[in-house]
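Structure first, commentary second.
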Amino acid sequence: MAEDRRGSRPSQGRPSKGGSARSGAGKGAGAGRPARAGGKPPAKGGARPDRSGGARSGGARSGGERFSRERPAPVERTEDQKSYDGPDLPPDITGRELDRSVTAQLKGLPEKLAARIARHLAAAGVYIDDDPELAYQHAKAAKNRAQRLAVVREALGEAAYAAGHYAEALAELRAAKRMNGATAYLPIMADCHRALGQPEQAIKLAHSPSVAGFVPEAKAEMTIVEAGARRDLGQFDAALRVLELAPLHNKSRASWVVRLRYAYADTLEAAGRLNDALAWFHRTQAIDADEITDAAARASALESRLAES
């Protein structure tokens, strides 16, 4: 598995129950409404039922209290129904948090349905980093209502990936790719193959023609995944060559440069080149102002290791 799978998500805008099913009660005779005996009206002056269930004698009420109808007990939702409903939606998540490009794809749906799906997608985006399993459940609820929308399948694929459901993530991102032809999902799909023990498939995706046109961040993520797949196969020299073709010396402090350098240092250490690894952990630390890696700790541990040898 990749060292930091969630880090290989492309940096694109992340999207961010219908109502409960009716209990099935039909419009039959009202509770407490007696049927007429024999189908004939009572004789004039005799007791006849009124609408409340009380008896009238000679046209006058007997003084009995009006009986109220009892409401049927709520029907317990099955597990499948609960899964369809999805998690409760926090009132402060409205769906307006989504990017316009996402909401535009929901406009062909009925208004209430679109609003509910938008809230689930927005919730998935809110929770994906801190509670990926909850984000996954929200994205799944969105798919239950609109499985033919690419943006919904993309959101579910990304949330499933973050939650560690790699087979489902791969299937959903493949579906999204078929729908909209987008290739931005390829690094995640390749890393899913790694997680599923299919490094050869990850390398195959890394060599897709569309990768050449990726923006630097996405291209770096694919490089990291390919190098990891080479390591999975025991091909450490090949993994190092893949990383050495990447812009390791880029002067930018962007996160993708930090992650490239870290992957290179880590691979150097795994290949037994400890002094080189130490140098690159220091180079990673020098640009990692946000501490997105543990390069400083790795460098310290490696220094101690070299001192003892």
Revision key, fill the gap. Residue set Ala289, Ala202; condition among the hydrophobic types (A, V, I, L, M, F, W, C) and either buried (at least 19 other Cβ atoms within 10 Å of the Cβ) or under 24 Å from the mean Cα position of the chain (by Cα) (or both); output residue Ala202
Check your understanding: Are any of the residues in the range 250-262 among the hydroxyl-bearing types (Ser, Thr, Tyr) and in contact with a Pro (Cβ under 9 Å, 6 or more places away or on another chain)?
Key -> yes
Review point. What single numbered condition from (1) within 32 Å of the chain's Cα centre (by Cα); (2) part of a loop (DSSP other than H, G, I, E, B) fails to hold for Gly234?
Key: (1)
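For every residue, the table says whether it meets (1) in contact with a Cys (Cβ under 6 Å, 6 or more places away or on another chain); (2) surrounded by fewer than 17 Cβ atoms within 10 Å (Cβ to Cβ); (3) among the polar types (S, T, N, Q).
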{"residue": "Cys192", "(1), (2), (3)": "no, no, no"}
{"residue": "Leu196", "(1), (2), (3)": "no, yes, no"}
{"residue": "Ser208", "(1), (2), (3)": "no, yes, yes"}
{"residue": "Val225", "(1), (2), (3)": "no, no, no"}
Check your understanding: Of all residues in the range 102-119, which are in contact with a Leu (Cβ under 7 Å, 6 or more places away or on another chain) and of a type outside the set (A, V, I, L, M, F, W, C)?
Key -> Gln105, Arg119
**Study point:** Members of the range 120-146 that are surrounded by fewer than 20 Cβ atoms within 10 Å (Cβ to Cβ), aliphatic (A, V, I, L, M) and under 19 Å from Leu106 (Cβ atoms)
**Key:** Val126
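Readers should treat all values here as calculations from the given coordinates under stated rules, not as data from a laboratory. What you see is a predicted model; the values in this text were computed from it and never measured. Glycine gets a Cβ as well: all are built from the backbone with ideal geometry, and neighbour counts include every protein chain shown.
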